[in-house]
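Participant: Sending over a structure as structure tokens; questions will come in a sec.
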Amino acid sequence: MSTSLPSSALKRITRLCTKRRERFYAVAKLRSDPVYAAVTKELLGSALPVLDIGCGIGLLAFYLRESGFAPAIAGFDYDAQKISCAHEMVSLSDCEGLSFMNGDARTGLPEYSGQVVILDILQFFTREEQEALLNAAASRVAQGGKLIIRTCLQNDSLRFRITVAGDWLARLTNWMKDAPVCYPDRALFESVLGAAGLRVRVQPLWGGTPFNNHLVVAERE
Ligand SMILES: C[S@@+](CC[C@H](N)C(=O)[O-])C[C@H]1O[C@@H](n2cnc3c(N)ncnc32)[C@H](O)[C@@H]1O
């Protein structure tokens, strides 16, 4: 089943962004990043609610709604401006069951039970913080649910170096509040999430991008 949305649906999402910078970001991300379709493919068909940690302006939530995903979706991000943008987008949409909260994942997560998504934030955490976040996220995955992570994996590839440069560019342009600190490796997911009782698979998620991104899917069976 294809989970790529037609351009009419993508336009409905980007039109919800009233500020130029956010709209430009949304257009570029939704057109070029394979992550939204990949995560949608993993979540569609489940009735469990979703917690999106580091949700940004909430693009995944709107993408899921356009794809026909009906369960509640809660976004959580420490950037108050992005959360405020997500709130405005909800108010301009006809989407129901979307909520967005401001908070720092390094100091705690909201109580939750369902499926959990973490896209592109682990590089801002130390190794110890990554382990703590993975354990906290895993404890919120309900029976039959998944923890879905998109991350760059550390290795000696050109893709890895390009990803690091992209993260620094995001910091230098002030799009991101933090610079990258530590990139995880595959062993981190296998050891921490395996010990938390989840079955882990890791696959490249390059699409047409030059980045060293991978999709980690950990299921509680
Ligand atoms: C590269 S963006 C990805 C946004 C979104 N997940 C997406 O894919 O559309 C990373 C997001 O993680 C958020 N973030 C980074 N560190 C965080 C933390 N400690 N707690 C909560 N959110 C954080 C940033 O504010 C940013 O919105």
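Participant: Quick one: would you say Ile83 is more than 24 Å from Gln143 (Cβ to Cβ) and either of a type outside the set (D, E, K, R) or outside any loop (DSSP other than H, G, I, E, B) (or both)?
Facilitator: Working: more than 24 Å from Gln143 (Cβ to Cβ): yes; either of a type outside the set (D, E, K, R) or outside any loop (DSSP other than H, G, I, E, B) (or both): yes.
The answer is yes for Ile83.
Participant: So Met176 fits all but one of (1) more than 15 Å from Arg220 (Cβ to Cβ); (2) modelled with pLDDT of 95 or more; (3) buried (at least 16 other Cβ atoms within 10 Å of the Cβ); (4) within 15 Å of the ligand (Cβ to nearest atom); what number is the exception?
Facilitator: Going through (1) more than 15 Å from Arg220 (Cβ to Cβ); (2) modelled with pLDDT of 95 or more; (3) buried (at least 16 other Cβ atoms within 10 Å of the Cβ); (4) within 15 Å of the ligand (Cβ to nearest atom) one by one, Met176 breaks only (2).
Participant: Taking Gly114 and the conditions (1) away from the ligand (no atom under 14 Å from the Cβ); (2) buried (at least 18 other Cβ atoms within 10 Å of the Cβ); (3) more than 25 Å from Gln203 (Cβ to Cβ), which numbered condition does it fall short on, given that it satisfies the others?
Facilitator: (3)
Matching residues to (1) farther than 19 Å from Glu219 by Cα; (2) in a helix (DSSP H, G or I):
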{"residue": "Ala74", "(1), (2)": "yes, no"}
{"residue": "Met89", "(1), (2)": "yes, yes"}
{"residue": "Val116", "(1), (2)": "no, no"}
{"residue": "Ala137", "(1), (2)": "no, yes"}
{"residue": "Gln143", "(1), (2)": "no, no"}
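Participant: In region 186-199, which residue that is surrounded by 15 or more Cβ atoms within 10 Å (Cβ to Cβ) and either of a type in the set (Ser, Thr, Tyr) or assigned to a loop (DSSP other than H, G, I, E, B) (or both) is farthest from the chain's Cα centre (by Cα)?
Facilitator: It comes out as Ala196.
Participant: Identify all residues within region 19-54 that are touching a helix residue (DSSP H, G or I) at 6+ places or on another chain (Cβ under 7 Å) and within 8 Å of the ligand (Cβ to nearest atom); write none if there are none.
Facilitator: Lys29, Tyr36, Asp52, Ile53
Participant: Anything in region 117-146 that is surrounded by 20 or more Cβ atoms within 10 Å (Cβ to Cβ) and among the β-branched types (Val, Ile, Thr)? List them, or say none.
Facilitator: Val117, Ile118, Ile121, Val141
Participant: Report yes if some residue within region 54-69 is assigned to a strand (DSSP E or B), touching a strand residue (DSSP E or B) at 6+ places or on another chain (Cβ under 6 Å) and closer than 26 Å to Trp206 by Cβ; otherwise report no.
Facilitator: From region 54-69, those assigned to a strand (DSSP E or B) are none; that's our starting set.
No, region 54-69 contains no residue that is assigned to a strand (DSSP E or B), touching a strand residue (DSSP E or B) at 6+ places or on another chain (Cβ under 6 Å) and closer than 26 Å to Trp206 by Cβ.
Participant: Mind checking whether some residue in region 10-21 is touching a Pro at 6+ places or on another chain (Cβ under 9 Å) and either surrounded by 18 or more Cβ atoms within 10 Å (Cβ to Cβ) or farther than 20 Å from Asn212 by Cα (or both)? Working first, answer last.
Facilitator: Let us first name the residues in region 10-21 that are touching a Pro at 6+ places or on another chain (Cβ under 9 Å), namely none.
No, that holds for no residue.
The values are calculated or read from the model by the stated rules, or taken from the named source; none is laboratory data. Remember, it's a predicted structure, so these values are computed and weren't measured experimentally. Cβ coordinates were reconstructed from backbone atoms using ideal geometry, including for glycine residues, and neighbour counts include every protein chain displayed.
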